[in-house]
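Q: Take this structure, written in structure tokens, and hold onto it; I'll ask about it next.
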2 protein chains.
Amino acid sequence: MELTILGCHAATPRKKAQTTSQLLEVKGHLILIDCGEGTQMQLRKLGIKFARIRYIFISHLHGDHFYGLIGLISTFRLLGREAELHIYGPKGIKEIITLQLKLAKSWTDYPLYFHELDTPDSVVVFEDDKIKVSTVPLDHRVYTNGYLFEEKTGLRKVNIEAAKTFGVEVCDMENLKAGKNFVDSTGKLIPNKSLTFDPELPKSYAFCSDTAYKEDIVTLIKNVTFLYHESTFLKNHMDLAIKTKHSTAAQAAKIAAMANAKGLILGHYSSRYGDLNSFLEEAKEFFENVHLAEDGKSFKI
Amino acid sequence: MELTILGCHAATPRKKAQTTSQLLEVKGHLILIDCGEGTQMQLRKLGIKFARIRYIFISHLHGDHFYGLIGLISTFRLLGREAELHIYGPKGIKEIITLQLKLAKSWTDYPLYFHELDTPDSVVVFEDDKIKVSTVPLDHRVYTNGYLFEEKTGLRKVNIEAAKTFGVEVCDMENLKAGKNFVDSTGKLIPNKSLTFDPELPKSYAFCSDTAYKEDIVTLIKNVTFLYHESTFLKNHMDLAIKTKHSTAAQAAKIAAMANAKGLILGHYSSRYGDLNSFLEEAKEFFENVHLAEDGKSFKI
């Protein structure tokens, strides 16, 4: 899993501050999470082959999280895209996008699917043989979901040396990877564990933005490998956090600690703060492995 | 009059190519013309005090001309704007913007007015004591207007030396500027021309994008000071120009020549061309005073 922060600042794009968008590479999928204005320019600037994006997950319909979506959809069309594009987001997103395509007489030539959400419960929104994506209902001024991306346990890895020793043929390899035992030419059963290694432990990533402090999400993201949790404010602006339904760095860290996350990434900083290290310091009081999101920065998960 | 090109490239924003947006400073007005994605970032990058923008004119509802509008409107709200904002553009623009504000529960706190256009005729859309703005109906794949911005003739300039000689008092100055004659203390009439200079000749600017070659516009923009006319293609791609209802550099220059413009600015270049000087060369065959629009470049008109 690799996460690239395309933008991590709150409210409005500034000279050197993009609004929220992230790119998650997981098991061959290139997934876009939120899409603030200018996301397509950031993708180009970072040299990302963004035609590979097939799934876009939008948390909520505040501009700093989705104003770049219509531009990206249009650019895909101009680039001659043929592959399907799936958009997951709050109810209303389809109307916003299709109204603009209709008035521009610019329907996409590629299949564009909307998966609109309006339930307050956590639901599985996407699943294939490699990953599963569920919503993490958040508490903000409009209907908002975070998303939990979970790898599925992969196939077992064949121990090539052992396989040779026991005379395993190429045609038996898939069975071994799937966990089946092996019967050799003498009819003797060789247990799978003697011929394979455990697969890598599946990893997971939870994106939680924007939200007030909400302990309910802890059970949904329990033991997550990496958590991105918004920290719009520092705790000295708790009044603003409560009023605008955002979180502080300390609150983000508390959620990470309760969820037993391996790592925490902070972001969605209010423009009132000059030095972002204060976010790191504040969070470290409650959780050790904290990182600051920065526009253009990548994290190996 | 000063024109700043915020973006001048066709179709989609690229690494170093913004889509259409221009800023026109005229007689104290700061006017935005079109608003491609990322326009607000360009305004910040160029250090423009964009809160002063009060009028925005949108040519048509293709994304490369207006996808940045919703972001700019939202940012004005976040910056605490109180002044009125007037948007002129094709019918449908109000629905697009208000739908997004409604779903985000983010109505502007400042008065936002839409002036929707759907007539195929040229109409005056704005007028005050300093300027007049009319539409220039264009020929594109969707309903499109260019805009003609005309300064009104200013007040006459008082000849201070002559005024002293004839004993003009301060309280008479406004009458002189308005063109009235002066009666001195002996009852003698002094003609206004002896006491004033002619005002500066009013200037005008026509923005014509996007459009197929359309000679009908010549009468509307006759004797314009500066004309911006799109030149998406060079003449070797005339087939594409016809198909997509765009113009070539040669066609833009022919319009400028027929309109007796003082100067021509080319722009809205297709990304297929590396060297923009070919546009200049092609246009110069038909019109001498040609300039290339470039992102960030300003023109004194």
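The values are calculated or read from the model by the stated rules, or taken from the named source; none is laboratory data. What you are looking at is a predicted structure, and each value in this text was computed from that prediction instead of being measured. Here the Cβ positions follow ideal geometry from the backbone for every residue, glycine too, while neighbour counts run over all protein chains shown.
Q: Could you please let me know if B:GLU95 is assigned by TED's automatic domain parsing to the domain that holds B:LYS15 and assigned to a helix (DSSP H, G or I)?
A: Taking the combined requirement at face value, the residue satisfies it.
Q: Somewhere in the range A:56-79, is a residue of a type in the set (S, T, N, Q), within 12 Å of chain B (Cβ to nearest Cβ) and within 24 Å of A:PHE299 (Cα to Cα)?
A: Within the range A:56-79, the subset of a type in the set (S, T, N, Q) is A:59, A:74-75.
If we keep only those that are within 12 Å of chain B (Cβ to nearest Cβ) as well, we get A:74-75.
From what's left, within 24 Å of A:PHE299 (Cα to Cα): none.
For the range A:56-79, residues of a type in the set (S, T, N, Q), within 12 Å of chain B (Cβ to nearest Cβ) and within 24 Å of A:PHE299 (Cα to Cα): absent.
Q: Which one is surrounded by the most Cβ atoms within 10 Å (Cβ to Cβ), of the residues in the range A:4-28 that are among the charged types (D, E, K, R) and within 13 Å of chain B (Cβ to nearest Cβ)? Break it down stepwise before answering.
A: Taking the range A:4-28 as the starting set, the residues that turn out to be among the charged types (D, E, K, R) are A:14-16, A:25, A:27.
Applying the additional criterion that residues be within 13 Å of chain B (Cβ to nearest Cβ) yields A:14-16.
Values: A:ARG14: 15, A:LYS15: 8, A:LYS16: 10.
My answer is A:ARG14.
Q: Residues B:LEU23, B:LEU43: which one is closer than 20 Å to B:LEU78 by Cα, at pLDDT 95 or above and not in a loop (DSSP other than H, G, I, E, B)?
A: B:LEU43
Q: Name, by its number, the condition in (1) more than 21 Å from the chain's Cα centre (by Cα); (2) surrounded by fewer than 24 Cβ atoms within 10 Å (Cβ to Cβ) that does not hold for A:PHE233.
A: Answer for A:PHE233: the failing condition is (2).
Q: While we're on this one: (1) surrounded by 21 or more Cβ atoms within 10 Å (Cβ to Cβ); (2) within 12 Å of another protein chain (Cβ to nearest Cβ); (3) in contact with a Leu (Cβ under 9 Å, 6 or more places away or on another chain); (4) more than 25 Å from A:PRO120 (Cα to Cα): which one isn't true of A:GLU37, the others all being true?
A: In the conditions (1) surrounded by 21 or more Cβ atoms within 10 Å (Cβ to Cβ); (2) within 12 Å of another protein chain (Cβ to nearest Cβ); (3) in contact with a Leu (Cβ under 9 Å, 6 or more places away or on another chain); (4) more than 25 Å from A:PRO120 (Cα to Cα), A:GLU37 misses (3) alone.
Q: All but one of (1) of a type in the set (Gly, Ala, Ser); (2) more than 26 Å from A:LEU43 (Cβ to Cβ); (3) crowded, with 17+ Cβ neighbours inside 10 Å hold for A:SER194, so report the exception by its number.
A: Result: A:SER194 passes all but (3).
Q: A further question follows. Just checking, which of A:GLY179, A:GLY187, A:GLY154 is small (Gly, Ala, Ser) and within 30 Å of A:ILE87 (Cβ to Cβ)? Let's see the steps before the verdict.
A: On the way: A:GLY179 fails: within 30 Å of A:ILE87 (Cβ to Cβ); A:GLY187 fails: within 30 Å of A:ILE87 (Cβ to Cβ).
Step by step, each of A:GLY179, A:GLY187, A:GLY154 is checked, and only A:GLY154 is small (Gly, Ala, Ser) and within 30 Å of A:ILE87 (Cβ to Cβ).
Q: Taking the range B:26-40 on its own, how many of its residues are assigned to a helix (DSSP H, G or I) and either in contact with a His (Cβ under 9 Å, 6 or more places away or on another chain) or of a type in the set (Lys, Arg) (or both)?
A: Quick first cut of the range B:26-40, residues assigned to a helix (DSSP H, G or I) only: B:39-40.
Subsequent filtering for residues that are either in contact with a His (Cβ under 9 Å, 6 or more places away or on another chain) or of a type in the set (Lys, Arg) (or both) retains none.
Qualifying residue count for the region: 0.
Q: Going by the conditions given, is B:ALA283 touching a His at 6+ places or on another chain (Cβ under 6 Å), without any contact (Cβ under 8 Å) to a residue 60 or more places away in the chain and surrounded by 24 or more Cβ atoms within 10 Å (Cβ to Cβ)? Spell out how you get there, then give the answer.
A: Details: touching a His at 6+ places or on another chain (Cβ under 6 Å): no; without any contact (Cβ under 8 Å) to a residue 60 or more places away in the chain: yes; surrounded by 24 or more Cβ atoms within 10 Å (Cβ to Cβ): yes.
In short, no.
Q: Identify all residues within the range B:224-250 that are out of contact with any strand residue (DSSP E or B) (no Cβ under 8 Å at 6 or more places or on another chain) and in contact (Cβ under 8 Å) with a residue 24 or more places away in the chain; write none if there are none.
A: In the first step, residues of the range B:224-250 are kept if they are out of contact with any strand residue (DSSP E or B) (no Cβ under 8 Å at 6 or more places or on another chain); the result is B:236, B:239, B:242-245, B:250.
The answer is B:ILE242, B:THR244, B:LYS245, B:ALA250.
Q: A follow-up question, please. Can you tell me which residue among B:ILE31, B:ILE48 is surrounded by 21 or more Cβ atoms within 10 Å (Cβ to Cβ) and at pLDDT 95 or above? Can you show your working first?
A: Values: B:ILE48 fails: surrounded by 21 or more Cβ atoms within 10 Å (Cβ to Cβ).
Exactly one residue qualifies, and that residue is B:ILE31.
Q: Report whether or not A:TYR67 is within 25 Å of A:LYS102 (Cβ to Cβ), surrounded by fewer than 24 Cβ atoms within 10 Å (Cβ to Cβ) and of a type outside the set (Val, Ile, Thr). Spell out how you get there, then give the answer.
A: Working: within 25 Å of A:LYS102 (Cβ to Cβ): yes; surrounded by fewer than 24 Cβ atoms within 10 Å (Cβ to Cβ): no; of a type outside the set (Val, Ile, Thr): yes.
For A:TYR67, the condition - within 25 Å of A:LYS102 (Cβ to Cβ), surrounded by fewer than 24 Cβ atoms within 10 Å (Cβ to Cβ) and of a type outside the set (Val, Ile, Thr) - is not met.
Q: Looking at the range B:98-113 only, could you name the residues that are within 8 Å of chain A (Cβ to nearest Cβ) and either farther than 28 Å from A:SER59 by Cβ or in a helix (DSSP H, G or I) (or both)?
A: Going through the range B:98-113, the residues within 8 Å of chain A (Cβ to nearest Cβ) turn out to be B:99-100, B:103-106.
Passing the criteria: B:LEU99, B:GLN100, B:LEU103.
Q: Which one of the conditions (1) under 21 Å from the mean Cα position of the chain (by Cα); (2) within 11 Å of another protein chain (Cβ to nearest Cβ) does A:ALA51 fail to meet, given that it meets all the rest?
A: Of (1) under 21 Å from the mean Cα position of the chain (by Cα); (2) within 11 Å of another protein chain (Cβ to nearest Cβ), only one is false for A:ALA51: (2).
Q: While we're looking at this one, here's another question. Looking at the range A:130-141, can you tell me whether even one residue there is more than 14 Å from chain B (Cβ to nearest Cβ) and in contact with a helix residue (DSSP H, G or I) (Cβ under 6 Å, 6 or more places away or on another chain)? Write out each step before concluding.
A: Quick first cut of the range A:130-141, residues more than 14 Å from chain B (Cβ to nearest Cβ) only: A:130-139.
Next, from what is left, pick out any that are in contact with a helix residue (DSSP H, G or I) (Cβ under 6 Å, 6 or more places away or on another chain): A:136.
Yes, the range A:130-141 contains at least one residue that is more than 14 Å from chain B (Cβ to nearest Cβ) and in contact with a helix residue (DSSP H, G or I) (Cβ under 6 Å, 6 or more places away or on another chain).
Q: For residues that are assigned to a helix (DSSP H, G or I) and either farther than 13 Å from A:SER247 by Cβ or within 15 Å of the chain's Cα centre (by Cα) (or both), tally how many sit in the range A:259-301.
A: We begin by selecting, within the range A:259-301, every residue assigned to a helix (DSSP H, G or I); these are A:277-284.
Adding the requirement that they be either farther than 13 Å from A:SER247 by Cβ or within 15 Å of the chain's Cα centre (by Cα) (or both) leaves A:277-278, A:280-281, A:284.
The number of residues fulfilling the criteria is 5.
Q: In the range B:176-209, what residues are within 32 Å of the chain's Cα centre (by Cα) and over 30 Å from B:THR20 (Cα atoms)? Before you say what the answer is, go through the steps one by one.
A: Initial filter on the range B:176-209 (within 32 Å of the chain's Cα centre (by Cα)): B:176-179, B:196-209.
Matches in the range B:176-209: B:LEU176, B:LYS177, B:ALA178, B:GLY179, B:THR196, B:PHE197, B:ASP198, B:PRO199, B:GLU200.
Q: Checking B:ILE221 against (1) more than 22 Å from B:ALA162 (Cα to Cα); (2) in contact with an Asp or Glu (Cβ under 7 Å, 6 or more places away or on another chain); (3) not aromatic (Phe, Trp, Tyr): exactly one of these is not met. Which one?
A: All conditions are met except number (2).
Q: Show me the strands (runs of 3 or more DSSP E) found entirely inside the range B:118-190 where at least 3 residues are crowded, with 16+ Cβ neighbours inside 10 Å and at pLDDT 95 or above.
A: Details: elements: B:124-127, B:131-137, B:145-151.
Output list reads B:131-137, B:145-151.
Q: From B:ALA83, B:ALA11, which residue is touching a residue at least 40 places away in the same chain (Cβ under 8 Å) and not polar (S, T, N, Q)? Quick ask: steps written out before the conclusion?
A: Working: B:ALA83 fails: touching a residue at least 40 places away in the same chain (Cβ under 8 Å).
B:ALA11 is the lone residue from the list that is touching a residue at least 40 places away in the same chain (Cβ under 8 Å) and not polar (S, T, N, Q).
Q: Let me ask something additional. Restricting attention to the range A:205-230, which residues are more than 13 Å from A:HIS268 (Cβ to Cβ) and crowded, with 22+ Cβ neighbours inside 10 Å?
A: Selection gives A:TYR205, A:ALA206, A:ILE217, A:ILE221, A:VAL224, A:PHE226, A:LEU227.
Q: Determine which single condition B:HIS65 fails, assuming it passes every other condition in (1) touching a Phe, Trp or Tyr at 6+ places or on another chain (Cβ under 7 Å); (2) touching a residue at least 40 places away in the same chain (Cβ under 8 Å).
A: Here B:HIS65 clears every test but (1).
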